[in-house]
Every structure is written in C-alpha cells, then in structure tokens.
Amino acid sequence: MTLFKKEIPKIGLALGGGGARGMAHIGVLKVLERENIPIGLIVGTSIGSVIGAMYAQLTDAFEVEKRVLNYLHGEVFKNLNVHLLFQKNTKEEKFLDRMVTFLKHQYILTKSFTRMGLMGRKILDDALEALIDDSDIRDTKIPFAVVTTDIWSGEDIVLREGPLRKAVAASSTIPGTFQPVEWNGYSLVDGGVIDMVPVWETFEMGAKIVIGVDVTRDLIRPKEFKNGLEIMFRADEITNYRLNKIHLRDANVVIRPEVGNAHWADFARAEEFIARGEKATEAKAEEIRNVIKSYGKSKFLKRLVKNYI
C-alpha cells in the first residue's frame, strides 16, 4: 500500500558530494523507502552519483547498503589504504611522525606537479565495477543523471545517456587526484567543482518537487592559519560553502545529515554516517509529506482559477 493514493508530483532526489560523508545517502534512501515516499528521478554529484546510480539500478536501499559495506570491509578496499589520505593531528604527535607526514605531503605535491592525476584510474574503476552493474544510464529502473564539470570550459555537463560506470567515474574524479575522463570532446571531473548538491539539474530533469541531500562539510572557524596556503584553501572553502547555500535555496526540502566535519576519506565510519542519514530523514519525513500535499492543493487551485477565467 502506498502512502499517497492520489496522483502526486514527480519527486526528484538531488544527492550531493562529500566523499565518505555520502554514506549518509544510503540512510536517507532507507527512510524514504520505509515511509513510502516515491522517488521519480535521481541526480547525483560525486559520491551522490555513486549511491544514486546504485539505487536507480537496484531500487532497494538495503541492497545498496549491503553491497557498499561488503566492498568497504573487503580486502580490495583495505589494501588501498585510503585512511592514509588523512591524519588526525594530536598534541602528542612525535617529531618522527611529523616528518613522515611532511614527506608524504611533499611526495603528493611532486606527483601532482608531474602527472595529470595522483592516483591511477584503475583504483576508481575497480571500485565502481564492484558497486555498479554495467549498463547505459538510460537503462536504470529510476530515471537518473550524473553531474560533471568540463575542466576546459568550466561548464557543468549533465550526463543522461552513455556508459553508467564511466559517467559516475567522471563525476567522482577529484581534480588532481584522478585523471579527467574524456567524454565526447569534454574532459570531465568531479561535479562538485560547480554544484555540490544538484538541485537545479534535478528540476531541469522534470522534477516538480526536489529533495536535496547535503553532506558537505561544516564551515568551522579555524583556530589559526599557519601559512598562506592554508588561507588559500580557506578562501576556496568559503566560496564553495556560499555557492552551495545559494543552490539549496531552491530545493523544496533539504536533508542535512549530521556528518559534521568528517574527512572525505573516513570510510571507516560508514555505518555511523548511514545511521545519521536515517535520523536526519526521519526528522524531515513530515515536512516532505506536507510539501507534497501543498503541491497538490496549489495545482488544484491553479486549475480552478484557469477554468473560471
């Protein structure tokens, strides 16, 4: 039995980028299923494109969760040593540890200056092969689109057809970390460069109501700036934060799981982030129902006025 017996507007789900914090998207999907809130289409950016593609194919949030956790707990993922990409600073950090961190950062900078990507393409491709079934974007059970950025023109490129895995790879290509994906004359990288939560693109796909899921980091005031590079990063962080707020204004409902300032590579907390996604969506369930009901009333009034003019 469905929750809404009358005709309801097409509901679009805009799943944003945020690396490991995007595991919260799974929790969002679990609750939307449980509440019988029908999703008519999905648009994803970065990790949102990964989870969105899986759900658009499987239409089962628990199956998505199972497949993701199996991969994260498997030997292939463990051997990637993703946890080495971030480090928690402590006052007790020894001099030798600081030297190792410094040398690691110098190695990363050297690789970034001499190659188009820090990591090999195979790492990302292998992950997507384990998570997403090979198909065309048009073949998903729920209409789906992927947001990417053309690094040459600076335009957002929305992919609605073509190889699904390749499209998701393009949207998940962190600039400087992975080499851009070549696609019909474009050089595509992470969609989050332009749009962390693809609200506008979801409306353009035909959604009448858009639920945006925001898993971006909080803008926390730093204690200090140690050098000019940190100030540069901070300025970029502020720009992205403000731009994201502008995009989210147009969403009918915004779900923001409490994933705080977690690092994008902290996949060890996947189950925690999934649970936080569930909690945030449960708190928004009534608001979503009210938005759907209000849309129906608004549509009825428009028809009534039209008939008497």
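The values are calculated or read from the model by the stated rules, or taken from the named source; none is laboratory data. Computed from a prediction, not measured in an experiment: that's the story for all the values here. Positions of Cβ are backbone-derived with ideal geometry, glycine not excepted, and every protein chain shown enters the neighbour counts. Calculation scope for accessible area: heavy atoms of the full protein, side chains included, ligands and nucleic acids excluded. Shrake-Rupley method; radii C 1.70, N 1.55, O 1.52, S 1.80 Å.
Descending by average beta-carbon neighbour count within 10 Å, the peptides 59-66, 201-208, 223-230 line up as 201-208, 59-66, 223-230, the highest first. Classify region 212-268 from the C-alpha gyration tensor, please: rounded if a/c falls under 1.5, else prolate or oblate depending on whether a/b exceeds b/c. Taking the square roots of the gyration eigenvalues as a ≥ b ≥ c, region 212-268 is oblate.
How much of the accessible area of region 147-298, probe 1.4 Å, is carbon plus sulfur, in whole percent?
Values: 4200 of 7930 Å².
Carbon and sulfur atoms account for 53 percent of the accessible area of region 147-298.
Summing charges over neighbours of LYS66, with a neighbour being any other residue whose Cβ is under 15 Å away from its Cβ, gives -4 when K and R count +1 and D and E count -1.
Alpha-carbon geometry of region 116-257: the Rg and the Dmax are 16.5, 50 Å, given in that order. Highest mean first, the peptides 253-264, 12-23, 151-162, 233-244 sorted by other C-beta atoms within 10 Å per residue fall in the order 12-23, 253-264, 151-162, 233-244. Converting phi to 3J(HN,Hα) with the Karplus coefficients 6.51, -1.76 and 1.60 and the offset θ = phi - 60°, region 64-77 yields 4, 4, 4, 5, 5, 5, 4, 5, 5, 8, x, 5, 4, 5 Hz in sequence order, with x at every glycine or proline. Checking the Cα-Cα distances for LYS78/LYS166; LYS245/LYS279; LYS166/LYS284; LYS223/LYS284 against a 27 Å cut-off, the pairs over it are LYS166/LYS284; LYS223/LYS284. Peptides 211-218, 67-74, 268-275 ordered by packing proxy, namely the average of other Cβ atoms within 10 Å per residue, highest first: 211-218, 268-275, 67-74. Shown is the FRET efficiency for TYR295 and ILE123, computed with R0 = 45 Å from the Cβ-Cβ distance and rounded to the nearest 0.05: 0.55. The Cβ shell under 12 Å around ASP150 holds other residues with a net charge of -4, Lys and Arg each +1, Asp and Glu each -1.
First check a/c for region 123-176, with a ≥ b ≥ c the square roots of the eigenvalues of its C-alpha gyration tensor; if it is under 1.5, answer rounded, and if not, answer prolate when a/b is larger than b/c or oblate otherwise. Oblate shape, in that a/c is at least 1.5 and b/c is the bigger or equal ratio.
Scalar couplings 3J(HN,Hα) for region 200-208, obtained by applying the Karplus form with A = 6.51, B = -1.76, C = 1.60 to θ = phi - 60°, are 4, 5, 5, 5, 5, 6, x, 6, 8 Hz; x denotes Gly and Pro. Per residue, the accessible area of region 132-230 comes to 48 Å² when a 1.4 Å probe rolls over the protein heavy atoms. Other residues whose C-beta falls under 9 angstrom from the C-beta of TRP264 contribute a net charge of +1, scoring Lys and Arg +1 and Asp and Glu -1. A simple rule links phi to the HN-Hα coupling: the Karplus curve 6.51 cos²θ - 1.76 cosθ + 1.60 with θ = phi - 60°, which for region 236-243 gives 5, 5, 5, 4, 4, 5, 5, 5 Hz, with x for Gly and Pro.
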